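Heads up: the structure comes next, in C-alpha cells.
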Amino acid sequence: MSHTTMTFPEELARILAETPGLSHACLVGGCVRDSLLGLPVKDYDVECFGVSYEELASALRKWGRTDLVGKSFGVIKLTTTSGVDYDFAIPRRDNKTGIGHKGFEVEFDPDITPEEASSRRDFTINSLMYDPRENCLLDFHGGEQDLRERKLRHTSEAFSEDPLRVLRGMQFAGRFELVAADETIELCREISDTFSELPLDRVREEWFKWAINSKRPSRGILFLEQAGWLEHFPEIADLRRTEQDSIWHPEGDVLAHTCHCLDAAVALPEWKQAGDEFRLAVLFGVLAHDFGKPGTTRRASKHDRECIVSPGHDETGVPLTDSFLDRIGAPNALKKQVPPLVRCHLAHLQDITPRSVRRLAKRLAPATIEELCAVIQADHNGRPPNPPTTPDGLVRLRAQARELALEASVPTPIVLGRHLIELGMKPGPEFGRILAQAFDAQLEGRFEDLDGGIGWVREAPRN
C-alpha cells in the first residue's frame, strides 16, 4: 500500500463518498494504470467490496439509470444524470469449467478481499487498485514497479485459463512499449494450442486495439513471436528468415524490416491527428506490405553482382493479405481497403503523371492516396541505420494528388446516364459501354469537365 493521489471526476468522487453501499469501493484496472502513466483516462471501473449485486444496484439508482446487462459478470453500468457512464462491479471468482473464452463458472462473494480479487486479473499492471478514501494505491502483485520498468508480467497461474490474455498481451506490449517477463513468455508458450478456442470477434478486437493504440507496434509482434503464437499467423511468421539485400535493407530480414516499418508508421506526423479508420488501414497495410516476399525472394545477378530480389511481391502479397484479414475476423470494409495498399505500395517508383495518379486513385479505392503515401513513407523509413527521408517519387505523387484533389478521394465519373439522355440517347445496354468508355477517357485526361465530356461523347466513334 502506498499513498498517492489519483485525479478522477468530481461526479464520481461524490458517488463514492455519498453512497453507503460503496464504503469499500476501489478504482481498478485500466483507469489506475493509465493514471499512473500520465495518460488520459477514458473509462472508470469501480470494484465494490462487502455488498451484494442487488444492494449495489439499489444504491446506484439514486445517481441515474442503471443497466444490468452485465449481471452474469457482476457488472452494473451507471449512466448518471450528466450522461456519463461508469462501470461498477462486485468481486468474483472465475472457475474454469470448459474450453473457450466463455468456459467459466462465475461465483460472486461480497467477502472476497481486494488482494484475492486483484489476483484474477491478467497482468500485474492491470491488477492495481486505488482506494479513494485513503488516497492510496493497493499493489499486491508488483504492478507499479512493472509499470515503471515497462515489464509485462502475468498476475497468477490462472492466466493460462483464458487464451485471449495472450492477444491482450500483444496489444498491451505495443500500446505501452512493454517487454514480457520470461515466466510469462513460457506460460504463453504452454497454452499456444488453445488459440483455436478463441472466437473471431475477440481476436479482431485485440488486433484492432493493437493497430489503433500502439506506440511501438513492433513490441506486440515480437511478443507473439517469443510466446510461440506467431505460428497462428503464418503470413507474418514466414517473414522471419526471409533474406533481403543488405544494400537496400541493412536492418535484416523481412520481419525485422516490417517491425521497423510499423514503428515508423506510428511516428509519422499525420498519425496523431488520424482517426481509427486511417490507422487501421495504414498499420495493417504496413504489416502486410511484404507478405509476398517469402514466396518470391531469390538470388539473381544484377548490376554486376549477386543480389537478393523479390520480383512481383507486391501482387503476390494480396491473397496473403486477404487470408490474414480473414484469420483475424476483419470486417468487409477493411478487407476491401487494405489489399489495394499492398498491391500499390511501389507506385511511387513508376512515372508520376496526372494520368497515372488518376488511375492509381481508382485502383486503390476504397483506400486513398493519402493512406498509400503513409504506407510508402513507413516502408522507406523502416531501414535503420539509414536515416528517414522521403523518396523523390513520393514527393511527386503527393504533389500531383494534391493538384488533382485526389489525396483523400476517388475519381468519380463526370458523364452520367442523364447526360446521355439529354443528348437524345435511349437507355439500353449500350449505355453502360459508353459510360465506361467516357470514364476511361476522363482518367486518361481527355477531358476535365462536363462540357469536355459531352464533347467527347459526341465525337467518340461507335461500334
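Sequence-distant contacts, meaning Cα pairs under 8 Å at least 6 residues apart, place the relative contact order of the chain at 9 percent. Near I90, the amide H atoms lying under 5 Å from its own belong to C48; only residues 5 or more places off or on other chains count, and H is placed 1.01 Å from N. Averaging the Cα positions of each part gives two centres, and for the stretch 123-161 and the stretch 226-273 these lie 31 Å apart. Annotation: for a label point projected 7 angstrom from Cα along Cα→Cβ of E134, residues of the stretch 24-42 with backbone N closer than 12 Å are 24-26.
Simple point charges give the picture: +1 on the Cβ of Lys and Arg, -1 on the Cβ of Asp and Glu, and for the stretch 156-314 a dipole about the Cα centre of about 540 debye. In the chain, helices alone account for a calculated mean residue ellipticity at 222 nm of -13500 deg cm²/dmol, with every DSSP H run of four or more residues adding -39,500 (n - 2.57).
Given the Cα-Cα distance of L450 and R298 and 0.36 nm per residue of separation, how much length would full extension add, in nm? Don't skip to the answer; put the middle values down first.
Values: separation 152, 0.36 × 152 = 54.72 nm, distance 4.99 nm.
The L450-R298 span can extend by a further 49.7 nm.
Applying a threshold of 31 Å to the alpha-carbon distances of K62/K215; K62/K151; K215/K293; K77/K209 flags K62/K215; K62/K151 as lying beyond it. For the chain, the per residue solvent-accessible surface stands at 47 Å², with DNA, RNA and ligands left out and a 1.4 Å probe. Here the stretch 284-308 and the stretch 392-463 have alpha carbon centers that stand 37 Å from each other.
Taken over the stretch 363-463, the convex hull of the Cα atoms encloses 120 Å³ per residue. With the simple spin-label model, which puts each label point 7 Å out from Cα in the Cβ direction, the L268 to E157 separation comes to 4.7 nm. Dipole check for the stretch 327-372: with +1 at the C-beta of Lys and Arg, -1 at the C-beta of Asp and Glu, and the Cα centre as origin, the magnitude is about 260 Debye.
Solvent-accessible area of K293, all protein chains in place: 20 Å² (probe radius 1.4 Å, heavy atoms, ligands and nucleic acids excluded).
Here the simple spin-label model places points 7 Å from the Cα toward Cβ, and for A408 and T389 these points are separated by 3.0 nm. Its residue count N fixes a reference of 2.2 N^0.38 Å for the chain, and the Cα radius of gyration divided by that reference is 1.21.
For the stretch 194-213 versus the stretch 42-80, the spacing of their alpha-carbon centroids is 27 Å. Here's the picture: a label point sits 7 Å out from the Cα of D67 along the beta-carbon direction, and within the stretch 1-40 nothing has its amide nitrogen under 17 Å of it. Using a probe radius of 1.4 angstrom, the carbon and sulfur fraction of the accessible surface of the chain is 49%. Counting heavy atoms of the protein chains alone, D314 has an accessible area of about 40 Å² for a 1.4 Å probe.
Computed on protein heavy atoms with a 1.4 Å probe, the accessible areas place T296, T321 in the order T296, T321, largest first. Using the Cβ-Cβ distance between D253 and D440 with R0 = 45 Å, the FRET efficiency computed as 1/(1 + (r/R0)^6) comes to roughly 0.60. Once R0 is set to 30 Å, what does the formula 1/(1 + (r/R0)^6) return for the Cβ-Cβ distance between E116 and E277, expressed as a FRET efficiency to the nearest 0.05? According to the calculation, E is roughly 0.10. Counting only heavy atoms of the protein chains and using a 1.4 Å probe, E47 has close to 0 Å² of accessible surface. Rounded to the nearest 0.05, the FRET efficiency derived from the C-beta distance between E54 and F195 at R0 = 51 Å is 0.85.
Taking the Cα centre of the chain as the origin, how large is its charge dipole in debye, to the nearest 20, when only Lys and Arg (+1) and Asp and Glu (-1) carry charge on their Cβ atoms? Mind showing how you got there, number by number?
Numbers: 57 positive and 73 negative charges, 347 e Å.
Using only the charged Cβ atoms, the result is roughly 1660 debye.
The values are calculated or read from the model by the stated rules, or taken from the named source; none is laboratory data. Quick caveat, the model's predicted, so the values are computed rather than measured. In this analysis, Cβ positions are derived from the backbone assuming ideal geometry, glycine residues included, and neighbour counts consider all displayed protein chains. When the accessible area is computed, the model is the full protein with side chains, heavy atoms only, and any ligands, DNA or RNA have been set aside. Shrake-Rupley method; radii C 1.70, N 1.55, O 1.52, S 1.80 Å.
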